[in-house]
Amino acid sequence: MENVKLDDDSVGRHVIADLHSIQNSKHFDNIDTMGNLLKEAAEKAGMNIVGECSKKFEPQGLTYTILLATSHLAIHFWPEKDFLHFDCFTCGPEGLPDVALEHIIQQLNPDITKSKIIHLDRSIYKETKPFGYSYMVDGFGCDPIDKLDDINVAYDFLNELTEQIGMTKQSEPIIVRTDAVKFPDKRGLSGSVFLVESSITIHTISTPDKKFVTIDCYSCRPFDKEIVKNVIDKYYHPKMFSKEQFLERGTEYHSYIDNE
């Protein structure tokens with residue numbers, strides 16, 4: 001494992017690892033033995049120890065944390081499973097978590113080690129703005145059912161929703177009818193309106209057992225999801241809304257620059 005170095009923009013470094021099939025687990029199921037091992041690891045990694053805390057469990061197992069001037073080095077140990085979880089974070093220029101981990105691995109001699117190095121930089125403290133927002137919602141028990149098969153209703157719905165949330169159409173809505181002969185369980189409509197800001201999509205299922213409408217509204221400008229639900233209710237009047245999801249999309253859009 002390569003040593004994790006801080007650059008000028010770094011806040012800290014975080015190494016986590018799982019050690020499986022540890023040899024001689026019973027020997028290390030002891031507070032003093034494990035504590036000495038962790039202190040040795042911290043010293044070899046150039047860390048400044050400022051305190052410690054631990055807990056021994058019965059009939060086996062323990063947890064141990066070394067408090068560092070720059071954060072922590074911690075483990076949780078399951079000797080009955082020959083398994084140890086390692087977690088070390090340092091926020092200053094001193095101390096190398098991966099060096100501490102290497103020392104522990106050498107002493108515990110696990111058959112399998114899975115580790116992850118997390119580089120933290122100052123961008124985690126910067127306000128991030130997504131590219132856009134996606135609101136997805138399902139409605140069941142729409143009444144009357146014939147509206148789910150009405151192209152004009154879907155057309156008017158997409159136009160009014162676009163206007164209500166303040167978006168700009170790039171074209172008129174496109175609506176298609178599903179072939180109910182070939183796909184009787186999918187009887188209904190699919191439609192979309194393309195926006196300068198992105199798109200709104202609708203799909204309906206007009207079978208008597210579902211009376212279903214699902215909407216996906218995606219825009220690069222913020223909008224009120226309650227307005228979306230109100231317009232759905234006006235046109236399709238579902239008995240219930242289900243599976244609402246509101247997502248931020250393109251969260252790296254404003255920070256990403258392709259220099260190639």
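Calculate the FRET efficiency for Ile257 and Gln23 from the Cβ-Cβ distance with a Förster distance of 35 Å, rounded to the nearest 0.05.
0.15
What ranking do 67-75, 18-26, 230-238 get when scored by the average of other Cβ atoms within 10 Å per residue, highest first?
Working: 67-75: 20.1, 18-26: 15.7, 230-238: 17.8.
In decreasing order of mean packing, 67-75, 18-26, 230-238 become 67-75, 230-238, 18-26.
Return the distance in nm (one decimal) between the two label points of a simple spin-label model at Ala180 and Asn230, each offset 7 Å from Cα along Cα→Cβ.
Result: 3.3 nm between the two label points.
Would you please state which residues of segment 185-220 a label at Gln170 would reach in this model, taking the label point 7 Å out along Cα→Cβ and a backbone N cut-off of under 14 Å?
Answer for this model: 192-201, 218-220.
Pull up all non-local amide H partners of Ser199: gap of 5 or more, or a different chain, and H-to-H distance under 5 Å with H placed in the peptide plane.
Hits under the 5 Å cutoff: Tyr218.
Starting from the alpha-carbon convex hull of segment 50-188, give the projected area averaged over all orientations, in nm².
For segment 50-188, the mean projected area of the Cα convex hull comes to 18.7 nm².
Return the FRET efficiency for the residue pair Asp209, Glu244: r is the Cβ-Cβ distance, R0 is 25 Å, and the value is rounded to the nearest 0.05.
Once the sixth-power term is evaluated, E becomes 0.65.
Checking the a/c ratio against 1.5 first, then a/b against b/c, what shape does the Cα gyration tensor give for segment 35-114?
Oblate.
If you work out Rg and Dmax of the Cα atoms in Å from the coordinates, which of (1) 19.5, 59; (2) 28.6, 77; (3) 18.2, 55 do you get?
(2)
Between Asn48 and residues 5 or more places away or on another chain, which pairs have amide H atoms under 5 Å apart, with H built 1.01 Å from N, and which residues are they?
Amide H neighbours of Asn48: Ala69, Thr70.
Full extension from Glu94 to Asp149: what is 0.36 nm times the residue separation minus their Cα-Cα distance, to one decimal in nm?
On the way: separation 55, 0.36 × 55 = 19.80 nm, distance 6.74 nm.
Taking 0.36 nm per residue and subtracting the Cα distance, the gain is 13.1 nm.
Rounded to the nearest 0.05, what FRET efficiency do Glu58 and Asn109 give with R0 = 25 Å and r taken as the Cβ-Cβ distance? Could you check?
Plugging the Cβ-Cβ distance into 1/(1 + (r/R0)^6) gives 0.45.
Convert each backbone phi in segment 78-84 into a coupling constant with the Karplus relation 6.51 cos²θ - 1.76 cosθ + 1.60 (shift: θ = phi - 60°), then list the ³J(HN,Hα) values in order as whole Hz, x for Gly and Pro.
For segment 78-84, the Karplus-derived couplings read 10, x, 5, 10, 6, 9, 9 Hz, x marking Gly and Pro.
Which entries in the list Lys129/Lys210; Lys186/Lys229; Lys114/Lys225; Lys129/Lys239 go over 30 Å, if you measure between the two C-alpha atoms of each?
Listed pairs above 30 Å: Lys129/Lys210; Lys114/Lys225; Lys129/Lys239.
Over segment 10-124, what is the relative contact order in whole percent, taking alpha-carbon pairs under 8 Å and six or more residues apart?
42
FYI, it's all coordinate maths here, none of it is from the lab. All values reported here derive from a predicted model rather than from experimental measurement. Methodologically, a virtual Cβ is constructed for each residue, glycine included, from the backbone with ideal geometry; neighbour enumeration extends over all protein chains shown.
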